[in-house]
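First comes the structure, then the notes that go with it.
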Amino acid sequence: MSTSTLPRIAIIGAGPGGLTCARILQRHGISATVYDRDASRSARDQGGTLDMHPESGQKALREAGLLDGFAASARPEGGQLRLVGRDGRVLLDTAPPELDGATGAVVGSPEIDRGRLRDLLLNSLHPDTVRWNHGLAHVEPLTVGVHRLHFADGATTDADLVIGADGAWSTVRRRLSDATPIYTGVTFVETGLDDADTRHPALAALTGDGTMMALDDNRGFIAQRNGNRHVRVYVGMRTGENWHRDAGLDASDEVAVREALLKEFTGWSPDLLGFITDTDTGYTNRPLYALPVPHAWPHTPGLTLLGDAAHLMSPFSGMGANLAMLDGADLARALVDATTTTDDAVRAYEELLLPRSAAAAEGAAEGIAGAFAPDSAAQTLAHMTRNH
């Protein structure tokens with residue numbers, strides 16, 4: 001791309017995909033400004049742990065020049081995956097990936113905490129690349145390919161390319177598509193264990209060094225080992241979107257929520273029920289949503305999407321953040337390599353993105369359907385046995 005024709009690029013959302021895109025653009029002398037609604041980089045917990053796949057997340061990090069930094073922060077042992085029956089017995093235990101003994105390279109899909117990954121990306125950007133406390137209110141078309149961004153505080157800015165990396169409830173997407181996220185039928189209630197090895201040794205041992213899953217009869221536990229000796233727990237149920245309100249529960253009433261969850265898991269091993277009763281963090285209700293599959297939009301000069309804004313899917317794809325980062329890398333590379341117009345580069349990116357994301361979203365829909373089904377234990381064991 002000629003420096004005399006550099007577009008004004010606005011990336012909405014400082015998640016892994018948006019930050020990856022900004023980093024790669026900057027490495028090649030193309031400026032981009034990232035706008036995020038959070039008040040600061042530390043305003044919100046970034047969530048659990050991610051496994052970075054070689055062909056997607058790690059590929060994007062290599063393009064960003066950050067693979068060595070990732071290797072220094074990754075937890076190869078976090079790739080351990082354990083399946084447990086509702087009676088507490090370990091049914092399958094997979095070995096984690098390791099570092100290559102000769103080169104020290106990352107092998108397999110090691111884990112990294114979301115917060116560490118975000119810090120790695122943020123620290124790689126030029127100062128003031130990210131404008132915090134800039135929640136996008138709406139996007140106004142001006143001329144062909146030029147849009148005005150209206151922020152919640154009344155500020156505005158104009159851009160030649162607006163990249164919607166603003167997640168599940170994307171504001172940018174409203175300009176491109178009528179699609180809205182649909183409830184998957186599954187809700188996670190998130191809880192957690194602090195200083196797990198000392199305070200909750202039995203639950204920490206059951207979790208192992210990576211991820212433990214106990215799935216059966218439309219319910220289940222997923223426990224993830226995070227950094228700083230924390231275990232993040234998701235108590236999953238196939239249930240109504242407003243299950244707690246339908247039951248007359250106040251979601252902030254920890255005692256009532258605990259009792260309701262224990263009732264849902266009647267007959268499960270006490271070894272697993274401790275993930276409900278021994279919480280150090282309370283309970284956070286997280287219904288899972290997904291965009292219709294396939295999700296596509298008419299090419300519109302000056303606008304495009306990446307990550308969850310483009311292809312929100314259930315976490316059972318294992319690909320959400322990886323795909324977002326690959327999206328960001330592919331879009332940045334298309335812009336860097338453009339020999340004609342910015343619009344042609346974006347069109348080429350979308351032609352790559354849409355079929356890839358549709359295939360991943362179909363897999364994610366199948367994954368959550370199998371994980372939360374009457375015979376989910378047998379389905380999950382068969383799947384893990386085939387793939388390990």
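The values are calculated or read from the model by the stated rules, or taken from the named source; none is laboratory data. All figures in this text were calculated on a predicted structure; none of them were measured in a lab. Glycine gets a Cβ as well: all are built from the backbone with ideal geometry, and neighbour counts include every protein chain shown.
Those residues that are closer than 21 Å to residue 30 by Cα and touching a strand residue (DSSP E or B) at 6+ places or on another chain (Cβ under 8 Å), I need them from the stretch 126-144; list them, please.
Matches in the stretch 126-144: 129, 130, 131.
Give the residue that is farthest from residue 42 (Cα to Cα), with candidates limited to residues of the stretch 120-129 that are in a loop (DSSP other than H, G, I, E, B) and either touching a residue at least 24 places away in the same chain (Cβ under 8 Å) or of a type in the set (Asp, Glu) (or both).
126
Conditions: (1) crowded, with 17+ Cβ neighbours inside 10 Å; (2) at pLDDT 95 or above; (3) not assigned by TED's automatic domain parsing to the domain that holds residue 329. Residue 87 meets all but one. Number of the miss?
(1)
Select from the stretch 243-288 the residues that are part of a helix (DSSP H, G or I) and among the aromatic types (Phe, Trp, Tyr) and write down the one among them that is modelled with the lowest pLDDT.
Among them, the one singled out is 243.
Please go through the stretch 148-180 and pick out each residue that is touching a Pro at 6+ places or on another chain (Cβ under 6 Å) and farther than 17 Å from residue 21 by Cβ.
Hits for the stretch 148-180 are 168, 179.
Quick check on my filter: what residues within the stretch 62-84 are at pLDDT 95 or above and small (Gly, Ala, Ser)?
Scanning the stretch 62-84 gives 64, 65.
Being in contact with a strand residue (DSSP E or B) (Cβ under 9 Å, 6 or more places away or on another chain) and outside any loop (DSSP other than H, G, I, E, B) is the filter; apply it to the stretch 301-315 and report the residue that is farthest from residue 159 (Cα to Cα).
My answer is 315.
Given the options 267, 302, 274, name the one that is outside the structural domain of residue 60 (by TED's automatic domain parsing), at positive phi and over 13 Å from the mean Cα position of the chain (by Cα).
Being outside the structural domain of residue 60 (by TED's automatic domain parsing), at positive phi and over 13 Å from the mean Cα position of the chain (by Cα) holds for just one of 267, 302, 274, which is 267.
Out of 219, 174, 229, 225, I need the residue that is basic (Lys, Arg), surrounded by 14 or more Cβ atoms within 10 Å (Cβ to Cβ) and within 30 Å of residue 299 (Cα to Cα). Which one?
The unique qualifying residue is 174.
Are any of the residues in the stretch 247-268 within 30 Å of residue 358 (Cβ to Cβ) and surrounded by fewer than 19 Cβ atoms within 10 Å (Cβ to Cβ)?
no
What number goes with the only condition from (1) in a loop (DSSP other than H, G, I, E, B); (2) touching a residue at least 12 places away in the same chain (Cβ under 8 Å); (3) not basic (Lys, Arg) that residue 360 does not pass?
Unmet for residue 360, out of (1) in a loop (DSSP other than H, G, I, E, B); (2) touching a residue at least 12 places away in the same chain (Cβ under 8 Å); (3) not basic (Lys, Arg): (1).
Every residue in the stretch 130-147 that is in a loop (DSSP other than H, G, I, E, B), farther than 20 Å from residue 38 by Cβ and either out of contact with any Pro (no Cβ under 7 Å at 6 or more places or on another chain) or among the acidic types (Asp, Glu) (or both), please.
Within the stretch 130-147, 142, 143, 146 qualify.
Read through the list (1) in the same structural domain as residue 314 (by TED's automatic domain parsing); (2) among the hydroxyl-bearing types (Ser, Thr, Tyr); (3) in contact with a helix residue (DSSP H, G or I) (Cβ under 9 Å, 6 or more places away or on another chain), then give the number of the only condition that residue 198 fails.
Status for residue 198: all satisfied but (1).
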